[in-house]
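**Student:** Structure below; questions to follow.
The values are calculated or read from the model by the stated rules, or taken from the named source; none is laboratory data. Since the structure is predicted, the reported quantities are computational estimates derived from the model, not experimental observations. Note that we place each Cβ from the backbone using ideal geometry, even for glycine, and neighbour counts take in every protein chain shown. Keep in mind that these areas ignore ligands, DNA and RNA; they rest on the heavy atoms of the full protein, side chains included. Shrake-Rupley method; radii C 1.70, N 1.55, O 1.52, S 1.80 Å.
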Amino acid sequence: DKQQNAGRSGRDAFTSSLGMLAATLGSAVGLGNIWKFPSMTGSNGGASFLFVYLACTVVVGLPIMISEIMLGRKVKANAITTLRKLSPKGQPWGIVGVSGVVAAFLILCFYTEVAGWVFAYIFKGLSGSVLTTDPKVASAAFASLISDPMQAIGWQWFVIVFVSIIITFGISKGIEKVTMRLMPILFLLLLVICARSLTLPGAEKGLEFLFTPDFSKITGSVILMAMGLAFFKLSIGMGTMMTYGSYFRDSQNIPLTAGRVVLADLVISLLAGIAIFPAVFAYGFDVSAGPSLLFITIPAVFASMPMGQFFAVLFFVLAAVASTGAMLSLFEVPVAYLCEARQMSRKAATMTTALLVMLLGAPAALSSSMTKDVKIFGLTFFDLFDFLSSNLCMPAGGLLICIFTGWVFGKDKFKAELTNHGLIKNEAIIDSLFFLIKYVSPLLVAVVMLNMLKVF
Ligand code: PHE
């Protein structure tokens, strides 16, 4: 039915069940697992943060992911058109799609920058220039990369061009092909690094930190951060999953695919934690280093261990692979919109998106040099884009998608779509999912957001 699906609409689409899984997982897995998850877990108390994050993933993340893929597949269009077409007359749900495109740009602005550092570290790792056991020297090396405007912008542009080239090949020949090759590589690399980390003397302390919760460390802001991470991790609340859903085949079992993606993503985050924390503890580094954990602590940790250079380069290759799948899905949100609603060719749409990201991303890339003193709400451009997307746009978008699915789209259509019109016998699961999406998830997201806005 590959011919059928593509032929009917003349639209490119994923061609295999495994391809849909790989692309969706490719979107979810990214710097979120390797950069955000470990650094946020490290600076928010370890296992207790992991526990809240898990709860957010299951109760909020999974139902929203399923709804988004379902809505996208129903209309088979970009996020804005999908929501516009499904809106009852006079209701402006298309705005949720617009906010998704805005969020995609916000994320791309800082994501391409961090990905640029990762690519840079592959080369710097090969030459050995960032590998030192002295954390002071390691942080000076990192600072010299991010505070040099030429390097910061240069690596960002490198990444943007790299991703754009894959995007111009389209869905089946670009995104699907690339992610199907990359995901197994990523998994293997991660296992190799975990094996190295776990065999270091003193590794147990890292595992203990990751898996023994101290519930007194859970506060309102910890919950907000864990929820923001769940949204960011699963690429939800901003139209990515809707856009990918629009390339899904009608015969695909959406809840099963989404369930597998969420589980695999979680396993990868945990493996990243297992790769990082035992090594950090074994060599006595600080787990709460925050975002610099990946670029300062990790190279220093690697430099301390036997065969460190080899594993360090492997580690940054792994991070580069992961970030590529995620960036492809971020690009696809505006590209699909520009192609379909603005009648651009795929090339023109990709170039427009790339140029906009270069332009808007520059202030973020320069956050450690030229724009470092520009603070908006007390945040640099880099942190602002990160905060606005993860803690505002995505939860707000997710909340509205819950309300739309639960209260506007409605249970009958929800059931029809997710059972593939009665072909899959999963009614009990669909019923509980609908209950979550209609009442539980929106309430939780709303409470956490109101708490952030200091309403109570
Ligand atoms: N999920 C990706 C990650 O963890 C980031 C992402 C967010 C990708 C939103 C697409 C959309 O790195």
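**Student:** Can we say L207 is in contact (Cβ under 8 Å) with a residue 24 or more places away in the chain, in a loop (DSSP other than H, G, I, E, B) and under 28 Å from A312 (Cβ atoms)?
**Tutor:** On the way: in contact (Cβ under 8 Å) with a residue 24 or more places away in the chain: yes; in a loop (DSSP other than H, G, I, E, B): no; under 28 Å from A312 (Cβ atoms): yes.
Considered against the rule, which asks whether it is in contact (Cβ under 8 Å) with a residue 24 or more places away in the chain, in a loop (DSSP other than H, G, I, E, B) and under 28 Å from A312 (Cβ atoms), L207 comes out as no.
**Student:** On to the next question. Is it the case, given these coordinates, that V75 is of a type outside the set (S, T, Y), surrounded by fewer than 23 Cβ atoms within 10 Å (Cβ to Cβ), closer than 19 Å to M225 by Cβ and more than 16 Å from the ligand (Cβ to nearest atom)? Talk me through it step by step, then tell me what you get.
**Tutor:** Numbers: of a type outside the set (S, T, Y): yes; surrounded by fewer than 23 Cβ atoms within 10 Å (Cβ to Cβ): yes; closer than 19 Å to M225 by Cβ: no; more than 16 Å from the ligand (Cβ to nearest atom): yes.
In short, no.
**Student:** Only one of (1) open to solvent by less than 20 Å² (accessible area, probe 1.4 Å); (2) within 29 Å of F51 (Cβ to Cβ) fails for L328. Which number is that?
**Tutor:** (2)
**Student:** Output the qualifying pairs, or none if there are none: Cβ atoms under 6 angstrom, residues six or more apart or on different chains, first residue in segment 235-261 and more than 10 Å from the ligand (Cβ to nearest atom), second residue part of a loop (DSSP other than H, G, I, E, B).
**Tutor:** Sorted first by the residue in segment 235-261, then by its partner, the pairs are S246/K76; S246/A77; Y247/A13; Y247/F14; N253/I424.
**Student:** Let me ask something additional. Identify, please: which residue in segment 222-255 is in a loop (DSSP other than H, G, I, E, B) and of a type in the set (A, V, I, L, M) and is, among those, farthest from C393 (Cα to Cα)?
**Tutor:** Step one: of segment 222-255, the residues in a loop (DSSP other than H, G, I, E, B) are 234-239, 246-253.
Within this subset, residues satisfying the condition of being of a type in the set (A, V, I, L, M) are 234, 236, 238.
On the way: L234: 14, I236: 10, M238: 7 Å.
Only one residue tops the list, namely L234.
**Student:** Can you list residue pairs whose Cβ atoms sit under 6 Å apart, with the first residue in segment 9-33 being within 11 Å of the ligand (Cβ to nearest atom) and the second being of a type in the set (S, T, N, Q)? Count only pairs 6 or more apart in sequence or on different chains.
**Tutor:** Filtered contacts from segment 9-33: G26/T179; S27/S235; S27/T240; S27/S329; A28/S235; G30/S323; L31/S323; N33/S269.
**Student:** List pairs: first in segment 153-175 and in contact (Cβ under 8 Å) with a residue 24 or more places away in the chain and closer than 28 Å to L18 by Cβ, second part of a helix (DSSP H, G or I) and open to solvent by 50 Å² or more (accessible area, probe 1.4 Å), Cβ under 8 Å, 6+ apart or cross-chain?
**Tutor:** Short answer, once both residue conditions are applied: S164/M351; I167/R346; T168/R346; T168/K347; G170/R346; G174/T168.
**Student:** Scan segment 355-394 for residues that are within 22 Å of the chain's Cα centre (by Cα), surrounded by 22 or more Cβ atoms within 10 Å (Cβ to Cβ) and among the aliphatic types (A, V, I, L, M) and jot them down.
**Tutor:** V357, A364, A365, M394
**Student:** Here's something else I'd like to know. Working only within segment 322-380, note down all residues that are among the β-branched types (V, I, T) and closer than 22 Å to A22 by Cβ. Show your work before the answer.
**Tutor:** First, pick out the residues of segment 322-380 that are among the β-branched types (V, I, T): 324, 333, 335, 350, 352-353, 357, 371, 374, 376, 380.
The answer is T324, V333, V335, T350.
**Student:** Can you find a residue that is more than 19 Å from I166 (Cα to Cα), in a helix (DSSP H, G or I) and not small (G, A, S) anywhere in segment 342-358?
**Tutor:** Initially, segment 342-358 is screened for residues more than 19 Å from I166 (Cα to Cα), giving 342-343.
Adding the requirement that they be in a helix (DSSP H, G or I) leaves none.
No - not one qualifying residue is present in segment 342-358.
**Student:** Give me the residue from segment 271-314 that is without any contact (Cβ under 8 Å) to a residue 40 or more places away in the chain and in a helix (DSSP H, G or I) and, out of that set, surrounded by the fewest Cβ atoms within 10 Å (Cβ to Cβ).
**Tutor:** Within segment 271-314, the match that is surrounded by the fewest Cβ atoms within 10 Å (Cβ to Cβ) is F310.
**Student:** Quick one: which of F119, F110 is hydrophobic (A, V, I, L, M, F, W, C), open to solvent by less than 30 Å² (accessible area, probe 1.4 Å) and either away from the ligand (no atom under 12 Å from the Cβ) or more than 17 Å from the chain's Cα centre (by Cα) (or both)?
**Tutor:** Testing whether each residue is hydrophobic (A, V, I, L, M, F, W, C), open to solvent by less than 30 Å² (accessible area, probe 1.4 Å) and either away from the ligand (no atom under 12 Å from the Cβ) or more than 17 Å from the chain's Cα centre (by Cα) (or both) leaves just F119.
**Student:** Yes or no: segment 177-199 includes at least one residue that is under 30 Å from T24 (Cα atoms), open to solvent by less than 60 Å² (accessible area, probe 1.4 Å) and of a type in the set (K, R).
**Tutor:** yes
**Student:** Of the residues V59, V52, V96, which single one is β-branched (V, I, T), under 21 Å from I276 (Cβ atoms) and either more than 16 Å from the ligand (Cβ to nearest atom) or open to solvent by 10 Å² or more (accessible area, probe 1.4 Å) (or both)? Walk me through how you get there before you give the answer.
**Tutor:** Numbers: V59 fails: under 21 Å from I276 (Cβ atoms); V96 fails: under 21 Å from I276 (Cβ atoms).
Checking each option against the conditions leaves just V52.
**Student:** Moving on. What tally of residues in segment 398-428 results from selecting those that are assigned to a loop (DSSP other than H, G, I, E, B) and either more than 23 Å from Q91 (Cα to Cα) or open to solvent by 60 Å² or more (accessible area, probe 1.4 Å) (or both)?
**Tutor:** Within segment 398-428, residues that are assigned to a loop (DSSP other than H, G, I, E, B) and either more than 23 Å from Q91 (Cα to Cα) or open to solvent by 60 Å² or more (accessible area, probe 1.4 Å) (or both) number 8.
**Student:** Can you say whether M40 is over 24 Å from V161 (Cα atoms) and within 13 Å of the ligand (Cβ to nearest atom), as far as the supplied structure shows?
**Tutor:** Yes.
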